[in-house]
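Inspection log for the structure reproduced underneath, given as structure tokens.
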Amino acid sequence: MTSLISITIPQELITALHEAKHVLVFTGAGVSAESGISTFRDPLTGLWERFDPEDLATANGFRQDKALVWGWYEWRRMKVLKARPNPAHRAIAELAQHVPRLTVVTQNVDDLHERAGSTDVLHLHGSLHSPRCFACARPFSFPPGIPDEPEGGRRLCPPQCSHCGGDIRPGVVWFGENLPEDTLKQAFAAARECDLLFAIGTSGIVQPAARIPSLAKKAGAKLVQVNPQGTPLDYECTWSLRGGAGKIMPSLVQMAFLWS
Ligand code: OAD
């Protein structure tokens, strides 16, 4: 846990945390930004500012150029394998020790929440670490360790399925695909049940995940946003904490639980 820095956390929020029975932490790419993982829409650094999602994040893009797509996701997986959870991931895991129930619902395809110690984590957009066959959908296991950087650029042919010989695809949800049904159901149920929801590091614009904060609000939960920038969620939130999650979340947990 990092040391406390001067961030103003409203006392009403601390009280709401003390009284909460079920906290939902809804995260996006911004929670991993301080681990060195790129977000999607931040100007200059966002992945979709530099790469075309039509080519890299659709089934059609994969059909058209499998080596381009597989190589790009392997490059991203390699970055995640080398990255470490940051103080925000760790503070969220710590927070779970102090409230009766905490569910993490993440749009992220990395495993940094789990590596920080969070246990109840729902991945709405799949995982870089769970590829499957494009033809028969059987899961594929990566060999252990961090893969070598492909020679001569990022293109890399996907491995073949040992069952049907089909090409292996990344285990993430692409544009135009459905989210994993059970996971989405559990996330919506958690949104309806929670009494306090943190939206951390998400632009909050990609559906259907973006419905989660408003579902929670409709069911009576209070919303907290943690983000250095404004988002459409500003209008729904009870508290908007402006700044990096790696600073705000540890301060919040310290103030609410470790110092009282
Ligand atoms: P975005 O890139 O849309 O938004 C990232 C948010 O994080 C922005 O609002 C930033 O201001 C904020 N941010 C940046 N640094 C931060 C920090 N240190 N602490 C807190 N917040 C920070 O990413 P997502 O909202 O996750 O979908 O995007 C949603 C989905 O769009 C992704 O899951 C992905 C993408 O297409 C799939 O891959 C299916």
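Considering region 101-126 alone, what residues qualify as being more than 16 Å from the ligand (Cβ to nearest atom), surrounded by 21 or more Cβ atoms within 10 Å (Cβ to Cβ) and not in a strand (DSSP E or B)? Break it down into steps so the answer makes sense when it comes.
Taking region 101-126 and keeping what is more than 16 Å from the ligand (Cβ to nearest atom), we get 101-103, 114-115, 117-120.
Okay, now just the ones that are also surrounded by 21 or more Cβ atoms within 10 Å (Cβ to Cβ), so 102-103, 118.
Selection gives Ser118 alone.
In region 1-35, of all residues being part of a loop (DSSP other than H, G, I, E, B), more than 25 Å from Arg211 (Cα to Cα) and open to solvent by 50 Å² or more (accessible area, probe 1.4 Å), the one that is modelled with the highest pLDDT corresponds to Glu34. Just one of the numbered conditions (1) farther than 21 Å from Pro131 by Cα; (2) modelled with pLDDT of 95 or more; (3) under 16 Å from the mean Cα position of the chain (by Cα) is not true of Asp42: (2).
Selection of region 39-68 for residues being assigned to a loop (DSSP other than H, G, I, E, B), open to solvent by less than 40 Å² (accessible area, probe 1.4 Å) and either of a type in the set (Ser, Thr, Tyr) or in contact with a helix residue (DSSP H, G or I) (Cβ under 9 Å, 6 or more places away or on another chain) (or both) yields Thr39, Ala57, Thr58. Hey, any hits in region 151-161 for a residue that's over 15 Å from Glu74 (Cα atoms) and either touching a residue at least 12 places away in the same chain (Cβ under 8 Å) or within 16 Å of the ligand (Cβ to nearest atom) (or both)? Yes, region 151-161 contains a residue that is over 15 Å from Glu74 (Cα atoms) and either touching a residue at least 12 places away in the same chain (Cβ under 8 Å) or within 16 Å of the ligand (Cβ to nearest atom) (or both).
The values are calculated or read from the model by the stated rules, or taken from the named source; none is laboratory data. Predicted model, so just to flag it, every value in this text is computed and none were measured. Methodologically, a virtual Cβ is constructed for each residue, glycine included, from the backbone with ideal geometry; neighbour enumeration extends over all protein chains shown. Note: accessible area is taken over every heavy atom of the protein model, side chains too, but ligands, DNA and RNA are not part of it. Shrake-Rupley method; radii C 1.70, N 1.55, O 1.52, S 1.80 Å.
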